[in-house]
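Peer 1: Take a look at the following structure, please.
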Amino acid sequence: MSSNKPLLGPGPFRADQLRDGDRYELVDGHPSYCAPSGPEHANRNLSGGAVIESDPDVDWAGVDAGFAPEAGTLWAPDIAVAPAAAAAGVSGWMPGVPPLALEYAGKGQDEEMLRRKVADLLAHGTRLVWVVRLLGPRRVEVHAPGVPVRTLGPGDRLEAPGILRNPVPVEALYDRAAGHQATLRNLLQRQGYADLDAVLARGREEGKAEGKAEGKAEGKAEGKAEGQVEGLAAAVVALLRGRGLEVRAEVEAQIMACRDRNRIERWLLAAAAVERAEELPELSPRP
């Protein structure tokens with residue numbers, strides 16, 4: 001969110017004169033201060049960013065990442081998606097612009113600067129800019145080159161063909177719970193499951209196979225239920241590791257040994273958001 005307007009005419013500064021962590025964007029050589037985010041903006045930025053970054057087709061995404069399409073311009077979208085190659089080996093700002101950019105517009109938003117930012121990103125090659133409005137009715141403005149702006153609201157889904165595999169429900173960019181659901185779907189797909197139903201289906205198939213091998217009706221029923229629970233537990237571990245989290249042997253053993261399906265389902269949802277495997281609810285403390 002930029003809070004001051006650039007001067008008229010080209011300014012004296014270049015993007016390479018700004019340092020990592022400086023709270024400025026650069027417009028035609030003029031610095032534009034970006035104020036820190038308030039609680040609502042920051043929270044939405046975090047949960048919305050998780051939905052975008054976890055999409056199975058996204059190789060790189062970042063928050064407040066700097067993009068310099070030319071020497072006197074530097075933009076830092078709230079959330080940006082770019083090819084992994086764009087960030088590889090880059091020690092400063094990424095050249096060019098991201099294919100997809102998201103801006104959360106809340107209290108104090110400089111609308112003139114936002115309009116200029118969107119227009120400049122699109123002019124330099126950004127394919128989609130989503131402006132998520134935090135004031136008034138929940139709505140997302142979809143900007144794309146050469147077409148009128150579209151506005152989507154609750155119940156609608158945002159699509160970015162060739163950038164994101166999955167549509168993003170508008171609510172997932174606002175509500176933490178909706179964001180977690182979308183992130184969970186994405187992370188399960190990264191582990192080879194289409195969705196949570198696919199995890200349960202695999203468990204049912206494993207249970208049927210186990211029950212059939214035992215050759216008894218009660219064995220089939222027990223094997224089916226056991227397979228479902230084991231499949232869910234394995235998905236919890238896979239999801240944590242798929243997010244790059246360490247799963248210590250004793251934590252994995254607790255998860256795999258649990259036979260409380262309700263607890264495991266709670267773990268599966270929590271696994272999409274925790275920062276450490278040990279933060280799963282109702283997990284026994286480390287001895």
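Peer 1: Provide a single number: the residues in segment 242-287 that are more than 25 Å from the chain's Cα centre (by Cα) and of a type in the set (A, V, I, L, M, F, W, C).
Peer 2: Number satisfying all stated conditions: 8.
Peer 1: Considering only residues of segment 52-78 that are β-branched (Val, Ile, Thr) and outside any strand (DSSP E or B), which is farthest from residue 132 (Cα to Cα)?
Peer 2: Only one residue tops the list, namely 58.
Peer 1: Restricting to segment 79-118, what's the tally of residues that are within 22 Å of the chain's Cα centre (by Cα) and acidic (Asp, Glu)?
Peer 2: 1
Peer 1: Can you give me the ranges of the strands (runs of 3 or more DSSP E) entirely in segment 94-196 with at least 3 residues that are out of contact with any Lys or Arg (no Cβ under 7 Å at 6 or more places or on another chain) and of a type in the set (A, V, I, L, M)? Lay out the reasoning, then the answer.
Peer 2: Working: elements: 100-105, 128-133, 139-143, 150-152.
Ranges flagged: 128-133.
Peer 1: Examine segment 248-255 for a residue that is at pLDDT below 90 and either out of contact with any Phe, Trp or Tyr (no Cβ under 8 Å at 6 or more places or on another chain) or at positive phi (or both), and state whether such a residue exists.
Peer 2: no
Peer 1: Separate question: I want to confirm something. Restricting to segment 156-171 and keeping residues that are within 15 Å of residue 54 (Cα to Cα) and either in contact with a Leu (Cβ under 6 Å, 6 or more places away or on another chain) or not assigned by TED's automatic domain parsing to the domain that holds residue 103 (or both), which single residue is surrounded by the fewest Cβ atoms within 10 Å (Cβ to Cβ)?
Peer 2: 163
The rows are residues; the columns are (1) surrounded by fewer than 21 Cβ atoms within 10 Å (Cβ to Cβ); (2) touching a strand residue (DSSP E or B) at 6+ places or on another chain (Cβ under 7 Å).
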position: 70; (1), (2): yes, no
position: 77; (1), (2): no, yes
position: 81; (1), (2): no, yes
position: 92; (1), (2): yes, no
position: 99; (1), (2): yes, yes
position: 103; (1), (2): no, yes
position: 111; (1), (2): yes, no
position: 114; (1), (2): yes, yes
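Peer 1: Any idea which residue in segment 231-258 is surrounded by the fewest Cβ atoms within 10 Å (Cβ to Cβ), counting only those that are in contact with a helix residue (DSSP H, G or I) (Cβ under 6 Å, 6 or more places away or on another chain) and under 19 Å from residue 51 (Cα atoms)?
Peer 2: Selected residue: 245.
Peer 1: What number of residues within segment 35-77 satisfy the criterion of being closer than 23 Å to residue 107 by Cα and among the β-branched types (Val, Ile, Thr)?
Peer 2: 1
Peer 1: What about residue 128, is it touching a residue at least 40 places away in the same chain (Cβ under 8 Å) and outside the structural domain of residue 273 (by TED's automatic domain parsing)?
Peer 2: Against the criterion (touching a residue at least 40 places away in the same chain (Cβ under 8 Å) and outside the structural domain of residue 273 (by TED's automatic domain parsing)), residue 128 does not qualify.
Peer 1: Would you point out the residue of segment 259-276, among those that are part of a helix (DSSP H, G or I) and in contact (Cβ under 8 Å) with a residue 24 or more places away in the chain, that is surrounded by the most Cβ atoms within 10 Å (Cβ to Cβ)? Step through it out loud before you land on a result.
Peer 2: At the first step, the residues of segment 259-276 found to be part of a helix (DSSP H, G or I) are 261-270.
Now drop any that are not in contact (Cβ under 8 Å) with a residue 24 or more places away in the chain, which leaves 261, 264-265, 267-269.
Details: 261: 15, 264: 22, 265: 17, 267: 26, 268: 21, 269: 17.
Ranking the qualifying residues of segment 259-276, first place goes to 267.
The values are calculated or read from the model by the stated rules, or taken from the named source; none is laboratory data. These numbers were taken from a predicted model, which means no experiment stands behind them. Cβ coordinates were reconstructed from backbone atoms using ideal geometry, including for glycine residues, and neighbour counts include every protein chain displayed.
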